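Remarks on the structure that follows.
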Amino acid sequence: MDLNTVTEVARPRRRADVPAWRAGDAWLAGGTWLFSEPQPGIGRLIDIAELGWPALQISEQGLRMAATCRIAELDAATFASAWIATPLFNQCCRSFLASFKIWNMATVGGNVCMALPAGPMIALTVALEGMCTIWTPDGNKRRIAIKDFVLAPQRNALKPGELLRAIDLPASALRRRTAFRQISLSPLGRSAALLIGTRDPERGAFTITITAATPRPVQLAFADMPASAALGERIEAAIPIGQYYNDVHGSPAWRRHMTLHFAEQIRCELAGENPA
Ligand SMILES: Cc1cc2nc3c(=O)[nH]c(=O)nc-3n(C[C@H](O)[C@H](O)[C@H](O)COP(=O)(O)OP(=O)(O)OC[C@H]3O[C@@H](n4cnc5c(N)ncnc54)[C@H](O)[C@@H]3O)c2cc1C
């Protein structure tokens, strides 16, 4: 779509060249959402693609994903076998309601900043305990857990002029066992429920992350694997029926049903039990 209110595009190559933020500015990442609908309030785009951030950086501490890492780059990456959680990357990349054209342009940071309930990069990074690094307009940076970054559909924790720089996934989370479940109303539809379970292979701690069924991610942590009833009760207490998301991609009642059903499947998979 032609954004006919845009009169200027800035293409900084380093932080010092990023122009001072002003009303009507928007960061441009892959542009897959920005150019998909009218943006009457935007006068200038600040393209972050040429800041040259390495897409993926592996260290002993874990994995740093640049905000500008494209979905296709993440999907194609390979990692050390000790990081047994990394099959989640492909599972989440393939949970977009999107073709290869979107995959090759859309970025991890753009998906997270959109803060849509069906944002699969949100599900991935919340499940793996991601920490965001944010550049602030005064030249400094701040850090915030990704689970606190997504506030509501299309609302995130960034203040005007702040830029999401990267998301760090700790090695301890990447070494967890994982189980993934996702459903849409139609075969290639937008996710109506996307749940990820992780389990610490040494201590047995279990975490379940619920996305797409709720307006923002819900994460529940257990010191040990809970019994079926205890897991269901915790979910019911955390998400009353009125707090399930309601849009054309699924009713709250169906989303609640699928959330409880998938949570139990995930519990059984990570406990090594057969579902009842
Ligand atoms: C056909 C189609 C299917 C789609 N399917 C899905 C889907 O299934 N799930 C889903 O969640 N989304 C979906 N989207 C929406 C969107 O394409 C994705 O969320 C995508 O990941 C956005 O990434 P982007 O890099 O293209 O962001 P852009 O379009 O460039 O930016 C999106 C927003 O985030 C801001 N932004 C981007 N990067 C940063 C940053 N680093 N710091 C601060 N702000 C930033 C921009 O200013 C803008 O407001 C779809 C879009 C289309 C057109």
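The values are calculated or read from the model by the stated rules, or taken from the named source; none is laboratory data. Remember, it's a predicted structure, so these values are computed and weren't measured experimentally. Cβ coordinates were reconstructed from backbone atoms using ideal geometry, including for glycine residues, and neighbour counts include every protein chain displayed. The protein model used for the area step is the full one, side chains on, heavy atoms only, and it has no ligands, DNA or RNA in it. Shrake-Rupley method; radii C 1.70, N 1.55, O 1.52, S 1.80 Å.
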*Rounded Å value of the spacing that divides the Cα centres of region 219-276 and region 180-202*: 11
_Net charge of neighbours whose Cβ lies under 9 Å from the Cβ of Ala115, counting Lys and Arg as +1 and Asp and Glu as -1_ = +2
*Figure the gain on full extension for Arg143 and Ala23 (residue separation times 0.36 nm, minus the Cα-Cα span) and round it to one decimal in nm.*
40.8 nm
_Please report the net charge: other residues with Cβ closer than 14 Å to the Cβ of Leu151, K and R +1, D and E -1._
+2
*Residue separation times 0.36 nm, minus the C-alpha to C-alpha distance between His261 and Asp75: what's the value?*
64.2 nm
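For region 86-226, what does the accessible surface come to per residue with a 1.4 Å probe? Please give it in Å².
39
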*In sequence order, calculated HN-Hα J values of region 253-260 (Karplus, 6.51, -1.76, 1.60; Hz; x Gly/Pro)*: 5, 5, 5, 5, 4, 5, 5, 5
*asked:* Can you give me the long-range amide H partners of Arg165? Hydrogens built in the peptide plane at 1.01 Å from N, cutoff under 5 Å, separation of 5 or more residues or another chain.
replied: Thr133, Ile134, Trp135
*Collect residues whose amide H, placed 1.01 Å from N in the peptide plane, falls under 5 Å from the amide H of Leu151; neighbours closer than 5 in sequence don't count.*
Asn156, Ala157
*Using r as the Cβ-Cβ distance of Phe100 and Ser36, and R0 as 22 Å, what FRET efficiency do you calculate, to the nearest 0.05?*
0.85
*Gain on full stretching of the segment that runs from Ala171 to Ala253 - 0.36 nm per residue minus C-alpha separation*: 25.8 nm
*Cut-off 13 Å between beta-carbons: net charge of the residues surrounding Val218, Lys and Arg +1, Asp and Glu -1*: +3
_Estimated 222 nm signal from helices in the chain, with DSSP H stretches of n ≥ 4 weighted -39500 (n - 2.57), rounded to 500_ = -7000 deg cm²/dmol
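Tell me, what % of the accessible area of the chain is carbon and sulfur with a 1.4 angstrom probe?
That share works out to 53 percent.
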_I need the shape label for region 142-276. Rule: rounded when a/c is under 1.5, else prolate if a/b > b/c, else oblate, with a, b, c from the alpha carbon gyration tensor._
oblate
